[in-house]
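S.K.: Dropping the structure in here first, questions after.
The values are calculated or read from the model by the stated rules, or taken from the named source; none is laboratory data. Just so you know, these numbers come straight off a predicted model, no measurement behind them. Here the Cβ positions follow ideal geometry from the backbone for every residue, glycine too, while neighbour counts run over all protein chains shown.
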Amino acid sequence: MSKKDELIMNPVSNLISGHAHGTSEKEQVRGEMVRVKVKTESQDPTSSWRSLIPVIKVNVSTGRLAFGNHYQPQTLCINFDDAFLTYTTKPPSSHLDQFMHIVKGKLENVRVMLVPSPRYVGLQNDEPPRLMGEGFVVMQSNDVDIYYYMDEPGLVPEETEENIEGEMSSEDCKLQDLPPCWGLDIVCGKGTDFNYGPWADRQRDCLWKFFFPPDYQVLKVSEIAQPGRPRQILAFELRMNIIADATIDLLFTKNRETNAVHVNVGAGSYLEINIPMTVEENGYTPAIKGQLLHVDATTSMQYRTLLEAEMLAFHIIASYPRIWNMPQTWQCELEVYKATYHFIFAQKNFFTDLIQDWSSDSAPDIFSFVPYTWNFKIMFHQFEMIWAANQHNWIDCSTKQQENVYLAACGETLNIDFSLPFTDFVPATCNTKFALRVRIIGCLGGSVVSEMEETMLSVLRPSQKTSDRVVSTPSTSSRPPIDPSELPPDKLHVEMELSPDSQITLYGPLLNAFLCIKENYFGEDDMYMDFEEVISSPVLSLSTSSSSGWTAVGMENDKKENESSAKSIHPLTLRPWDITVLVNLYKVHGRLPVHGTTDGPECPTAFLERLCFEMKKGFRETMLQLVLSPLNVFVSDNYQQRPPVDEVLREGHINLSGLQLRAHAMFSAEGLPLGSDSLEYAWLIDVQAGSLTAKVTAPQIS
């Protein structure tokens, strides 16, 4: 019998009176069998101090929280000038819990920094990419509001028949039977900056292993709380809202030179992190999601523009098994709305340097190897991709009134799915399959090149020979000569199919733009040159640390020393490409615009059933094949002096029954420095055309 319940028989006075009046024994027993269940109010042990001290206020003029010691190279410090904190309690989110702890606060001039630990006995070989004051600033904001909450768990109730009937009849009770809440809400105001990168991530990993060292034990499955035991908190939720414009910098170093990806985000951006507090049979699954509004991303290269988007939403889910070295799965979903991406080939080397700085330099260790797989799903809505199509890859990198030729691919939707499997220890090859589904609206071209500037800079163009633009490797290396043709190639297989009824409009300058893109992205002009850089110093020299590949002669002495002491080329960077491309177009409708007046004839139109293009590129040769199905071109004119009997000549046509074009290019790297492009020494073309029939007039041809 619990203390809260009392079993009371019929009033004692009745029993006594029954004995006094000679009540029968049977009536006494009947009185004993009548019981009443009464619930008495228990005194809450925490209500006394909460009633005595309902609110606690703490004001701190200057404070610092430090996490670390002299055994760690860096210490995580949280600095603030003024803090106004208030502690109180309020009713819990669920009626099954006792109450909720609440801490509200407002902090000013907040800085989260990584500073060198005093009296650190180790070597500081890893330098931060940027220092501001005492150390590397991870996050700073002029004003920050915090809201910390935590439910005081109650006891798990016993499931009786009365409770089950009550839960089935009341839907509100079901909603209130949620697990205890625990979380922290952070609101960042004006002057909010975030800085992160490979160096900061290495320091985070070092501090994490210090405070939470791995024990390499199999995680035990969390037991379900039994009736009468305290309820479990399932997860900790961290939310961060940005109510003003903020900046995010992704910093990394290359040859002791700091590079950055600078991102401006607008008000309304947020981040949510869910950290589970229990372990299930399959492990635990933390999640990160959020969105960035009005994204404007630039790089530290001379051509700074990178990405502009109205919104970027992300969702990352990590699945950790209970055994520490079992395969992990990471899911990453990105959604980008109304995006404009400016692409140049030099960004490949830029992001390669970022990945290399983020990757570990230590030798692979089988004892610490953990297999994992990244699954990416990227979705673009209303996007455009802009390609620089200037001749010889000269690009105007000025911030205003750029004079460049652009080619833009615009689309309604673009879905990219691919996986990065890191499941094998030091694999010979890593196969990655990319699946792209795109709904393209059009491909647009624009030209804003100044003819006067084109004439003046034509004499400053470097030689088109690639070998003149390559730094030779030191001959004192003890490594034996390397033949790139003997190295196993990196294989790339691309298949692209366009849906039927594609509309193509071919302009004259568009063909020239495609040829420039071929050289700027897949040829010898892949490294761009800036107009202003050439104007400042017409004599060009190659820089090993420049993102564009070119730099002026009047540079600092330390950069000259880096060039003179250039490191030997790593053999893995010399692996050739083995590329296979297959493109199929079905039922293509083309328009061929021509100059004319408003009352002139319609532009010629072309109809093609199928276009097939194949390419196979290796280190020593490249083979191309183009196959066209029967091609029909229709032309018309509005010649007014034609007799009525010849009106049938107003419509003309050109028919080609088929076309096959095969090309074979041969290359050689004999006598060229390592790392340079091979030299094309032969070019064979085989063209087979079918029957050509036409009915056109002189006005239509003109």
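S.K.: Can you tell me which residue in region 372-421 is farthest from residue 523 (Cα to Cα), limited to those that are in a strand (DSSP E or B), over 19 Å from the mean Cα position of the chain (by Cα) and not aliphatic (A, V, I, L, M)?
M.R.: 412
S.K.: Sticking with this structure for a sec: Would you be able to tell me the number of residues in region 91-117 that are farther than 20 Å from residue 58 by Cβ, out of contact with any helix residue (DSSP H, G or I) (no Cβ under 8 Å at 6 or more places or on another chain) and small (Gly, Ala, Ser)?
M.R.: Qualifying residue count for the region: 1.
S.K.: Out of curiosity, is residue 247 assigned to a strand (DSSP E or B), within 23 Å of residue 351 (Cα to Cα), of a type outside the set (A, V, I, L, M, F, W, C) and touching a Lys or Arg at 6+ places or on another chain (Cβ under 8 Å)? Steps first, answer last, please.
M.R.: Details: assigned to a strand (DSSP E or B): yes; within 23 Å of residue 351 (Cα to Cα): yes; of a type outside the set (A, V, I, L, M, F, W, C): yes; touching a Lys or Arg at 6+ places or on another chain (Cβ under 8 Å): no.
It is false that residue 247 is assigned to a strand (DSSP E or B), within 23 Å of residue 351 (Cα to Cα), of a type outside the set (A, V, I, L, M, F, W, C) and touching a Lys or Arg at 6+ places or on another chain (Cβ under 8 Å).
S.K.: Exactly one of these conditions fails for residue 202: (1) in contact (Cβ under 8 Å) with a residue 40 or more places away in the chain; (2) assigned to a strand (DSSP E or B); (3) closer than 30 Å to residue 348 by Cβ. Give me its number.
M.R.: (2)
S.K.: So the check is Cβ under 6 Å with 6+ separation or different chains; which pairs have a first residue in region 253-267 that's in contact (Cβ under 8 Å) with a residue 24 or more places away in the chain and within 17 Å of residue 128 (Cβ to Cβ) and a second one that's of a type in the set (Phe, Trp, Tyr) and part of a strand (DSSP E or B)?
M.R.: Going by the 6 Å Cβ cut-off, the qualifying pairs are 259/252.
This table checks each residue for (1) over 30 Å from residue 573 (Cβ atoms); (2) in contact with a Cys (Cβ under 9 Å, 6 or more places away or on another chain); (3) surrounded by 15 or more Cβ atoms within 10 Å (Cβ to Cβ).
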position: 627; (1), (2), (3): yes, yes, yes
position: 644; (1), (2), (3): yes, no, no
position: 686; (1), (2), (3): yes, no, no
position: 700; (1), (2), (3): yes, no, yes
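S.K.: Now for a separate question. Which is assigned by TED's automatic domain parsing to the domain that holds residue 584, over 27 Å from residue 587 (Cα atoms) and surrounded by 13 or more Cβ atoms within 10 Å (Cβ to Cβ), of 675, 671, 690, 658?
M.R.: After ruling out the rest, the residue left standing is 675.
S.K.: Find the strands (runs of 3 or more DSSP E) located wholly in region 642-691 whose residues include 1 or more that are touching a Phe, Trp or Tyr at 6+ places or on another chain (Cβ under 8 Å) and farther than 30 Å from residue 629 by Cα, and list them.
M.R.: In region 642-691, the matching strands (runs of 3 or more DSSP E) lie at 659-668, 679-689.
S.K.: If you check 589, 664, 595, which single one turns out to be surrounded by fewer than 16 Cβ atoms within 10 Å (Cβ to Cβ), over 29 Å from residue 695 (Cα atoms) and of a type outside the set (D, E, K, R)? Steps first, answer last, please.
M.R.: On the way: 589 fails: over 29 Å from residue 695 (Cα atoms); 595 fails: over 29 Å from residue 695 (Cα atoms).
Matching residue, one of 589, 664, 595: 664.
S.K.: Is it fair to say residue 680 is touching a residue at least 12 places away in the same chain (Cβ under 8 Å), acidic (Asp, Glu) and closer than 23 Å to residue 510 by Cα?
M.R.: So residue 680 does not fit the description; no.
S.K.: State all residues of region 403-425 that are of a type outside the set (A, V, I, L, M) and under 14 Å from residue 340 (Cβ atoms); if no residue qualifies, say none.
M.R.: 406, 410, 411
S.K.: Identify, by number, the condition in (1) touching a Ser or Thr at 6+ places or on another chain (Cβ under 9 Å); (2) modelled with pLDDT of 90 or more; (3) more than 22 Å from residue 250 (Cβ to Cβ) that residue 369 doesn't meet.
M.R.: (1)
Rundown of residues vs (1) modelled with pLDDT of 90 or more; (2) surrounded by 18 or more Cβ atoms within 10 Å (Cβ to Cβ); (3) within 25 Å of the chain's Cα centre (by Cα), yes/no style:
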| residue | (1), (2), (3) |
| --- | --- |
| 127 | no, no, no |
| 145 | yes, no, no |
| 157 | no, no, no |
| 162 | no, no, no |
| 171 | no, no, no |
| 195 | yes, yes, yes |
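S.K.: Which one of these is at negative phi and touching a helix residue (DSSP H, G or I) at 6+ places or on another chain (Cβ under 9 Å): 324, 330, 358? Show your work before the answer.
M.R.: On the way: 324 fails: touching a helix residue (DSSP H, G or I) at 6+ places or on another chain (Cβ under 9 Å); 330 fails: touching a helix residue (DSSP H, G or I) at 6+ places or on another chain (Cβ under 9 Å).
Matching residue, one of 324, 330, 358: 358.
S.K.: Is it the case that some residue within region 344-361 is in a helix (DSSP H, G or I), closer than 26 Å to residue 428 by Cα and among the acidic types (Asp, Glu)?
M.R.: Yes, region 344-361 has at least one match.
So that you can scan it fast, the table gives a plain yes or no per residue for (1) over 29 Å from residue 685 (Cα atoms); (2) at pLDDT 90 or above:
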position: 572; (1), (2): yes, no
position: 579; (1), (2): no, no
position: 583; (1), (2): no, no
position: 590; (1), (2): no, no
position: 597; (1), (2): yes, no
position: 604; (1), (2): no, no
position: 610; (1), (2): no, no
position: 613; (1), (2): no, yes
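S.K.: When you go through (1) out of contact with any His (no Cβ under 8 Å at 6 or more places or on another chain); (2) crowded, with 16+ Cβ neighbours inside 10 Å; (3) outside any loop (DSSP other than H, G, I, E, B) one by one for residue 275, which number turns out not to apply?
M.R.: That leaves (2) as the condition not met.
S.K.: Of the residues 266, 290, which is small (Gly, Ala, Ser) and not assigned by TED's automatic domain parsing to the domain that holds residue 390?
M.R.: Result: 266 is the single residue among 266, 290 that is small (Gly, Ala, Ser) and not assigned by TED's automatic domain parsing to the domain that holds residue 390.
S.K.: Quick one: in region 49-98, which of the residues that are of a type in the set (Gly, Ala, Ser) and surrounded by 11 or more Cβ atoms within 10 Å (Cβ to Cβ) is farthest from the chain's Cα centre (by Cα)?
M.R.: Among them, the one singled out is 94.
S.K.: Only residues that are touching a Gly at 6+ places or on another chain (Cβ under 9 Å) and either small (Gly, Ala, Ser) or within 25 Å of residue 125 (Cβ to Cβ) (or both): list them for region 350-384, please.
M.R.: Correct list: 354, 357, 358.
S.K.: Where residues in region 205-241 are surrounded by fewer than 14 Cβ atoms within 10 Å (Cβ to Cβ) and among the aliphatic types (A, V, I, L, M), which of them is nearest to residue 281 (Cα to Cα)?
M.R.: Ranking the qualifying residues of region 205-241, first place goes to 221.
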